[in-house]
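First comes the structure, then the notes that go with it.
The values are calculated or read from the model by the stated rules, or taken from the named source; none is laboratory data. Remember, it's a predicted structure, so these values are computed and weren't measured experimentally. With ideal geometry, Cβ positions are generated from the backbone for all residues, glycine too; neighbour counts draw on all protein chains shown. Ligands, DNA and RNA are stripped out before the accessible areas are found, and what is left, the full protein with its side chains, is counted by its heavy atoms. Shrake-Rupley method; radii C 1.70, N 1.55, O 1.52, S 1.80 Å.
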Amino acid sequence: MTTGDAPARDSHHAEPLVSDAPLPFAELCAKIHDRIAAFLDANDVSPALKSVQDQTRTSLAVLAEALDKYSLPELSLAYNGGKDCLVLLILYLCAIHAKVTKSAPSAPSAPTEPIQCVYIQAEHPFEEVEEFVVSSVKTYSLSLLEYAKPMKAAFADYLHDTPSVKAIFVGTRRTDPHGEHLKHFDPTDHGWPKFMRIHPVIDWHYVDIWTFIRHLNIPYCNLYDRGYTSLGGTDDTHPNPALARESATSQLPKPDAVNGSSNGIGTPKFRPAYELVDDYEERLGRDR
């Protein structure tokens, strides 16, 4: 996978959660479930990890409720390779294993079909994001349909192409645009294609997302190691200035620069995304 690497000192697991050699779907779900279960069972953890344990339990309960209300063909996940939907994907796979184990504890059987996902591509996508989405499809056994059009039209086309889908998991968090008043289960607004939006990570903080990713050693898109904290398109996304290593007087990269690595005198270098703390600084690298 095209991934970023977290320093080992902050990651409880030295072995990455997934590798370039995909596991059979049932084994993948079981491995993810076992690692998360061990994480949740851990005692005497730091306040940061305790917070993420609590958030994880809440999210798994929302996912379990969704899996009780809807069949797998009725569920899909909005996936664009970003950190939030990556965490949501991992939790979803964990919840699927828990569901099938609960349903048939003596002989659990994971679904044989890949889980359904929809990828709404940015107008000017990063190559690194595209590569990570492709690798995710292979690693996590995703049945992913891609749409390069505005969100409303993309969802309309997706529901037309997959008429069984009634609910879509979305990785929106409370501090995202339009996320302030969302609940765990929210029907789409008037004028939008009709489906249930499910927000299992709505109350996670930025630091919770990165604590989860790094503690479980989940591979992620390598743009995050270059100072990007919120991923859009190449035309509206830059490394986050709050993570610049140089003085505040340094110039940000030009829009056609893919990352904050050195490509000329005065170009700043940036600390990795997981070093940011404040939720409200997350989108400082976005033009919109």
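A few comments on the model shown:
- Of the residues making up the range 43-75, those that are over 25 Å from Tyr224 (Cβ atoms) and small (Gly, Ala, Ser) are Ala61, Ala64, Ala66, Ser71.
- Top-ranked residue of the range 33-59 - restricted to ones that are within 15 Å of Leu91 (Cβ to Cβ) and polar (S, T, N, Q), ranked as surrounded by the fewest Cβ atoms within 10 Å (Cβ to Cβ): Thr58
- Contact annotation: residue pairs with Cβ atoms under 8 Å, 6 or more positions apart or on different chains, pairing a residue in the range 189-204 that is over 15 Å from Lys83 (Cα atoms) with a partner that is of a type in the set (Lys, Arg) and assigned to a loop (DSSP other than H, G, I, E, B), are Phe195/Lys166; Met196/Lys166.
- Of all residues in the range 209-236, those being assigned to a loop (DSSP other than H, G, I, E, B) and either among the hydrophobic types (A, V, I, L, M, F, W, C) or under 27 Å from Ser46 (Cα atoms) (or both) number 10.
- Qualifying residue in the range 22-32 (condition: modelled with pLDDT under 90 and farther than 18 Å from Leu91 by Cβ): yes
- Per-region count, the range 60-75, residues exposed (fewer than 14 other Cβ atoms within 10 Å of the Cβ) and outside any helix (DSSP H, G or I): 1
- Being out of contact with any His (no Cβ under 7 Å at 6 or more places or on another chain) and free of Cβ contacts under 8 Å to residues at least 12 places away in the same chain is not true of Ala148.
- Residue in the range 182-189 that is within 30 Å of His13 (Cβ to Cβ) and of a type in the set (Asp, Glu) present: no
- Highlighted here are the strands (runs of 3 or more DSSP E) found entirely within the range 79-182 that include at least 2 residues which are of a type in the set (A, V, I, L, M), at pLDDT 95 or above and open to solvent by 20 Å² or more (accessible area, probe 1.4 Å): 142-147.
- Selection from the range 31-64 of residues that are without any contact (Cβ under 8 Å) to a residue 24 or more places away in the chain and under 19 Å from Asp203 (Cβ atoms): Leu40, Pro47, Lys50, Gln53, Asp54, Arg57, Ala61
- Qualifying residue in the range 205-213 (condition: among the charged types (D, E, K, R) and within 30 Å of Arg271 (Cβ to Cβ)): yes
- All positions within the range 67-85 that are within 30 Å of Gly233 (Cβ to Cβ) and aliphatic (A, V, I, L, M): Leu75, Leu77, Ala78
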